[in-house]
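What follows is a single structure, written as structure tokens, with notes after it.
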Amino acid sequence: MTDAYDRLLNLLHSHHLICSVEGLLGWDEQVNLPPGSAAFRTEQMAEMARLAHAAATDPEVGDGLAQLEQDTEALTEEQRVVVREARRDFDRVTRLPSEFVTAKARHTSAAYHAWAKARADRDFASYAPFVERHIALAKEEADLQGWGDRPYDYAINLHDPGFTAERISTLFAELKEGLVPLVQEIDAMAGNAPSALKGFPVEAQRTFLREVTAQLGFDYEHGRIDVALHPFCSGSGLDVRMTTRFHADEPLDSLFSSIHETGHGLYTQGLKAEHAATALGQYVGMAVHESQSRMWENQVGRSRALWQYFEPRYRELFAAQLVGISSDELYREINAVRPTLIRVDSDEVHYNLHIILRFEIEQALFRGELAVSDLPEAWNDKCEALLGCRPSHDAEGVLQDVHWSGGAFGYFPSYCLGNMIAAQNWNQARAVLPGLDDDFARGDFSRLLDWTRREIHHQGKRYETLELTEKVTGSPLSPQPLLAYLRNRYGEIYL
Ligand code: ZN
């Protein structure tokens with residue numbers, strides 16, 4: 001039995017190494033690639049994808065699993081987790097015929113370019129057939145996986161195992177009930193003054209964000225941060241790659257997206273590196289990943305306590321830019337609330353309404369209650385109802401997100417679920433770690449990081465998201481901690 005288990009580990013390890021190289025090529029494509037080398041890189045990536053698929057579908061993996069499953073009693077509890085999740089992965093990948101995988105990859109590439117052009121031209125009609133085809137492919141994939149009667153649930157489960165559209169609907173309905181009036185109250189008080197932070201030299205921004213992220217606990221011996229068009233975090237625990245972008249007139253955008261990615265990076269670095277190839281060293285799902293990034297970005301990064309520590313250094317680096325801006329005004333800038341049509345530019349008070357909008361639309365699409373051709377109108381109506389503003393063209397409406405061009409349906413809810421989990425975890429952390437504010441004001445984030453390591457990161461994929469959240473916090477997932485946190489943080493400033 002031990003031999004069979006070790007053989008399985010070797011196969012999983014080989015697959016993990018191939019995927020990590022594939023990920024590195026993807027990172028490099030966005031950070032370093034000379035423009036003339038794009039076609040060659042596409043070829044390299046396609047070859048890596050082929051190798052990864054071959055490793056994942058290797059019949060030896062199936063044989064090994066079948067052998068180990070004959071006597072699960074002989075396995076340790078940890079080994080059973082590894083076998084259970086390896087079986088899930090193996091079945092998922094082998095159930096899809098290679099013609100389907102190739103057709104989907106080809107369509108995804110075409111749809112991405114169609115989306116980019118449609119967004120630039122503000123022309124949804126030219127992109128609509130690509131979305132229709134992606135929905136058809138998503139339904140076909142669900143069917144192949146045995147989820148034919150619940151294709152949207154299947155899509156959700158790809159990102160967050162254990163969730164259903166029904167469960168999310170219940171959570172979002174409760175969130176919406178509390179959030180809509182809170183947003184209206186805050187909007188009425190917040191005004192819409194433009195930011196006073198202008199002309200922040202990029203080199204000093206880089207210095208500051210590097211100091212902040214290192215102090216939060218990011219290990220630069222096993223990771224780095226570079227510049228790319230969009231911020232993201234990739235890699236595995238021994239080599240994490242984060243990106244950011246700089247604008248002299250939007251210094252907080254760069255800083256907080258970097259802290260956000262650092263939250264992802266801290267989770268990745270907290271997963272057990274020696275188990276990186278198996279479920280014991282892999283993240284639970286996108287919602288939990290997002291809960292880590294959001295907590296560091298928002299609950300921690302925008303707190304008074306953290307700024308008590310970092311403000312003197314910020315003023316030292318940006319003395320000229322901060323002349324005449326008081327500590328209180330800086331704190332208000334950091335927690336500015338300004339309604340926007342664009343999800344990625346949204347503050348955390350409005351953010352979840354952007355997600356609820358997308359979730360309701362995806363559900364209607366998958367149920368066949370909404371035709372793709374009617375999407376722009378449906379989007380704009382919902383936007384007006386939820387956020388109180390109407391897009392004047394589709395680039396600031398239905399065409400703003402890249403997700404559907406990649407066939408990534410059921411992905412948006414993860415962002416909002418992540419916010420809920422972050423708030424619930426944060427409550428728990430504050431209950432069991434009294435004095436966190438004092439720690440932060442001294443620049444010490446280690447007790448919080450250690451707690452997340454122990455409670456969340458080291459669990460790998462042992463539990464699904466809902467189960468893990470309940471284990472960590474002692475209560476089932478609920479939107480109430482998020483509502484209470486938002487009312488508390490932003491009520492104190494604006495109400
Ligand atoms: Zn994120």
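The values are calculated or read from the model by the stated rules, or taken from the named source; none is laboratory data. The shown structure was predicted, so the numbers you read here are calculated from the model rather than taken from an experiment. For neighbour counting, all protein chains shown are included, and Cβ atoms are generated from backbone atoms with ideal geometry for every residue, glycine included.
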(message) Filter region 196-232 down to the residues that are without any contact (Cβ under 8 Å) to a residue 40 or more places away in the chain, over 22 Å from LEU306 (Cα atoms) and in contact with a helix residue (DSSP H, G or I) (Cβ under 7 Å, 6 or more places away or on another chain) and list them by number.
(response) PRO231
(request) Kindly establish whether HIS247 is farther than 30 Å from PHE90 by Cα and free of Cβ contacts under 8 Å to residues at least 12 places away in the same chain. (result) yes
(message) Condition first: among the small types (Gly, Ala, Ser) and within 24 Å of the chain's Cα centre (by Cα). Now tell me which residues in region 174-193 satisfy that.
(response) GLY178
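Matching residues to (1) within 16 Å of the ligand (Cβ to nearest atom); (2) under 18 Å from ARG454 (Cα atoms); (3) buried (at least 24 other Cβ atoms within 10 Å of the Cβ):
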residue	(1), (2), (3)
GLY237	no, yes, no
ARG241	yes, no, yes
ALA248	no, no, no
THR268	yes, yes, yes
(request) Report, by residue number, each residue of region 312-329 that is out of contact with any Lys or Arg (no Cβ under 9 Å at 6 or more places or on another chain) and crowded, with 16+ Cβ neighbours inside 10 Å. (result) TYR314, LEU317, PHE318
(request) Hey, can you tell me all the residues within region 30-46 that are closer than 24 Å to SER98 by Cβ and within 27 Å of the chain's Cα centre (by Cα)? (result) ARG41, THR42, GLN44, MET45, ALA46
(message) Can you go through LEU175, LEU255, LEU182, LEU197 and tell me which one is within 16 Å of the ligand (Cβ to nearest atom), closer than 22 Å to VAL337 by Cα and either surrounded by 15 or more Cβ atoms within 10 Å (Cβ to Cβ) or of a type outside the set (Asp, Glu) (or both)?
(response) LEU255
(message) Here is a check on your reading of the model: is SER291 surrounded by fewer than 21 Cβ atoms within 10 Å (Cβ to Cβ) and either within 30 Å of ASP438 (Cβ to Cβ) or touching a helix residue (DSSP H, G or I) at 6+ places or on another chain (Cβ under 8 Å) (or both)?
(response) no
(request) Would you please name the residue that is surrounded by the fewest Cβ atoms within 10 Å (Cβ to Cβ), looking only at residues in region 400-440 that are closer than 30 Å to PRO376 by Cβ and among the aliphatic types (A, V, I, L, M)? (result) VAL402
(request) Output yes when any residue across region 170-186 is closer than 30 Å to ALA248 by Cα and among the aliphatic types (A, V, I, L, M), and no when none is. (result) yes
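Determine which member of the set ASP249, ASP253 is among the acidic types (Asp, Glu), within 30 Å of LEU33 (Cα to Cα) and within 22 Å of the chain's Cα centre (by Cα).
ASP253
Looking only at region 145-160, which residues are buried (at least 16 other Cβ atoms within 10 Å of the Cβ) and either assigned to a helix (DSSP H, G or I) or touching a residue at least 40 places away in the same chain (Cβ under 8 Å) (or both)?
Listed by number, the residues that qualify are GLN145, PRO151, TYR152, ASP153, TYR154, ALA155, ILE156, ASN157, LEU158, HIS159, ASP160.
Return the total of residues in region 276-301 being farther than 14 Å from GLY443 by Cα and either touching an Asp or Glu at 6+ places or on another chain (Cβ under 9 Å) or away from the ligand (no atom under 13 Å from the Cβ) (or both).
Total satisfying the criteria: 17.
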(message) Which pairs turn up if I take residues in region 330-345 that are under 11 Å from ILE493 (Cα atoms) and look for partners that are among the basic types (Lys, Arg) and outside any loop (DSSP other than H, G, I, E, B) with beta carbon separation below 9 Å, at least 6 apart in sequence or on another chain?
(response) TYR331/ARG304; ASN335/ARG489
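Going by the structure shown, is GLY388 surrounded by fewer than 18 Cβ atoms within 10 Å (Cβ to Cβ) and at pLDDT below 95?
Yes.
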(request) Output the number of the condition that ALA277 fails; it satisfies all remaining conditions of (1) surrounded by fewer than 17 Cβ atoms within 10 Å (Cβ to Cβ); (2) part of a loop (DSSP other than H, G, I, E, B). (result) (1)
(request) Only residues that are surrounded by 15 or more Cβ atoms within 10 Å (Cβ to Cβ) and in a loop (DSSP other than H, G, I, E, B): list them for region 460-481, please. (result) GLY460, LYS461, ARG462, TYR463, GLU464, LEU477, SER478, PRO479
(message) For the condition assigned to a helix (DSSP H, G or I), out of contact with any Leu (no Cβ under 8 Å at 6 or more places or on another chain) and farther than 26 Å from ILE186 by Cβ, what is the one hit in GLU362, GLU329, GLU369?
(response) GLU362
(request) Name every residue in region 194-233 that is under 19 Å from the mean Cα position of the chain (by Cα) and among the aromatic types (Phe, Trp, Tyr), in order of residue number. (result) PHE218, PHE232
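Out of ALA128, ALA118, ALA142, which single residue is at pLDDT 95 or above, surrounded by 14 or more Cβ atoms within 10 Å (Cβ to Cβ) and touching a Leu at 6+ places or on another chain (Cβ under 7 Å)?
None of the other options fit; the residue is ALA118.
Being in contact (Cβ under 8 Å) with a residue 60 or more places away in the chain and farther than 22 Å from GLY281 by Cα: is that true of ALA128 here?
yes
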(message) Considering only residues that are among the acidic types (Asp, Glu) and surrounded by 12 or more Cβ atoms within 10 Å (Cβ to Cβ), which ones fall in region 32-59?
(response) GLU47, ASP58
(message) Please verify whether TRP379 is surrounded by 21 or more Cβ atoms within 10 Å (Cβ to Cβ), under 21 Å from ILE168 (Cβ atoms) and in contact with a Pro (Cβ under 9 Å, 6 or more places away or on another chain), treating the condition exactly as stated.
(response) yes
